[in-house]
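Written below as C-alpha cells is the structure these notes are about.
The values are calculated or read from the model by the stated rules, or taken from the named source; none is laboratory data. Only a predicted model underlies this, so the values are computations on that prediction, with no experimental measurement involved. Reconstructed Cβ throughout: ideal geometry from the backbone, glycine too, with neighbour counts over all protein chains shown.
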Amino acid sequence: MSKPTFLPLLNSIAVNEAKGERLLGTWAKSTRDPQLKSVLEFVAIREGEHAMAFTKRMCELGYSVDEASAYQVFRNFDDLLACAGSTATDAEKVAMLAGDSRGETKDPFRGFFNDTTIDPQTGALLGRYIAEERDSGRRLRAEYDRVRASASTPAGDEVSELRACVAAMQVELESLRRQVNGGR
C-alpha cells in the first residue's frame, strides 16, 4: 500500500492542535476572567483531543507525527506562548493572539475533502474535526469580542473607584474652602 496523499494534512492537524492546546491552556491559567477562562479551557481540551485523535489515526495508518514537516499555523509560537502566560491584559492578548478576527475570512476547511482517496474512517474524523473547529471559532470570537468591548469602556469596579475618588476630592476641596474662608 502506498503512502496516503492526505497524510500531510493529518500530520499538520495533529501538530497544530497540540500547540493550540498549550497556547489556550496557558492563557486560561493566567486570566482572571471566569467566563473567558471557561471558554479557553473548553477549546484547549478540544484541541488536545483533536491532536490525540489525529496522532492515533496516523498511527493506525502506520505513520507517526513529524513536527518538522508539518505546516506551521503558529508563527513565533514561543512568543505567542509567552504572551498567553504573561501579565498582559486579556484585551492585549486578544490583540496579539487573535488579531482582528472580526472580519469575514475564507473557510480554511473548504478543500479538506478534495482528496478523493480519503477513507471513510479518516473522513469521519475530519468531518467531526471541522464541525468542532467551526464551533470553537464561534465561541472564541464571541469571547474576544466581549473582551474587546469591555476593554473599551471602564469596568463597573473602575467606575465605582473613580466615583469614590471624586467624592473624596470633593470632601477635601470643601475642607480647604473652609480653611481659606476662616472656618465658614
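Look at the stretch 119-143: where a residue is at positive phi, no partner that is of a type in the set (D, E, K, R) and exposed (fewer than 14 other Cβ atoms within 10 Å of the Cβ) sits 6+ places away or on another chain with Cβ atoms under 8 Å. Screening Arg134 with (1) in a loop (DSSP other than H, G, I, E, B); (2) within 26 Å of Lys29 (Cβ to Cβ); (3) modelled with pLDDT of 95 or more gives one miss only, at (1).
Based on this model, can you work out whether Glu47 counts as in a helix (DSSP H, G or I), of a type in the set (D, E, K, R) and free of Cβ contacts under 8 Å to residues at least 24 places away in the same chain? Spelling it out, it is not the case that Glu47 is in a helix (DSSP H, G or I), of a type in the set (D, E, K, R) and free of Cβ contacts under 8 Å to residues at least 24 places away in the same chain. When we screen Ser64, Ser86, Ser38 for residues that are within 26 Å of Arg146 (Cβ to Cβ), in the same structural domain as Asp135 (by TED's automatic domain parsing), out of contact with any strand residue (DSSP E or B) (no Cβ under 6 Å at 6 or more places or on another chain) and assigned to a loop (DSSP other than H, G, I, E, B), the only hit is Ser86.
Somewhere in the stretch 138-145, is a residue surrounded by 10 or more Cβ atoms within 10 Å (Cβ to Cβ) and either farther than 20 Å from Glu21 by Cα or modelled with pLDDT under 85 (or both)? Yes. Only one of the numbered conditions (1) free of Cβ contacts under 8 Å to residues at least 24 places away in the same chain; (2) touching a Pro at 6+ places or on another chain (Cβ under 9 Å) is violated by Tyr63, and that is (1).
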